[in-house]
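Contents: one structure, followed by commentary.
None of the figures in this text is laboratory data; all of them are computed from the coordinates on show. Fair warning: this is a prediction, and the values are worked out from it, not measured in the lab. Here the Cβ is made from the backbone with ideal geometry for all residues, glycine too, and neighbour counts use every protein chain on show.
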């Protein structure tokens with residue numbers, strides 16, 4: 001049996017052998033499911049599949065390349081689009 005210690009911040013460190021057996025590494029998620037085994041409650045740990053990013057994330061990246069992202073540049077572009085170029089706010 002493998003023993004895990006919980007820190008004051010409710011964190012645990014999984015031993016290397018357990019990580020290798022479960023095929024998990026840093027950044028992976030593990031699910032905990034409560035089950036009744038032989039009349040006793042037990043927690044079953046299993047690796048969760050990697051979450052996929054929504055398809056829209058990064059969709060506009062090609063339009064943002066080679067453009068300035070400082071606030072003055074963003075305000076200028078927004079003002080130009082709204083027809084209020086040259087007006088200063090705040």
Check your understanding: With 47, 54 as the choices, which residue is in contact (Cβ under 8 Å) with a residue 24 or more places away in the chain and within 23 Å of the chain's Cα centre (by Cα)?
Key -> 47
Review point. Among (1) more than 30 Å from residue 78 (Cβ to Cβ); (2) surrounded by 10 or more Cβ atoms within 10 Å (Cβ to Cβ); (3) out of contact with any helix residue (DSSP H, G or I) (no Cβ under 8 Å at 6 or more places or on another chain), which single condition is residue 34 missing?
Key: (2)
Revision key, fill the gap. The number of residues in the stretch 43-62 that are within 19 Å of residue 27 (Cβ to Cβ) and touching a strand residue (DSSP E or B) at 6+ places or on another chain (Cβ under 7 Å) is 4
**Study point:** Test for residue 67: is it more than 26 Å from the chain's Cα centre (by Cα), exposed (fewer than 10 other Cβ atoms within 10 Å of the Cβ), without any contact (Cβ under 8 Å) to a residue 24 or more places away in the chain and part of a loop (DSSP other than H, G, I, E, B)
**Key:** yes
Check your understanding: Is one or more of the residues making up the stretch 8-17 more than 25 Å from the chain's Cα centre (by Cα) and surrounded by 10 or more Cβ atoms within 10 Å (Cβ to Cβ)?
Key -> no
**Study point:** All positions within the stretch 1-23 that are touching a residue at least 24 places away in the same chain (Cβ under 8 Å) and either on the phi < 0 side of the Ramachandran plot or not in a loop (DSSP other than H, G, I, E, B) (or both)
**Key:** 22
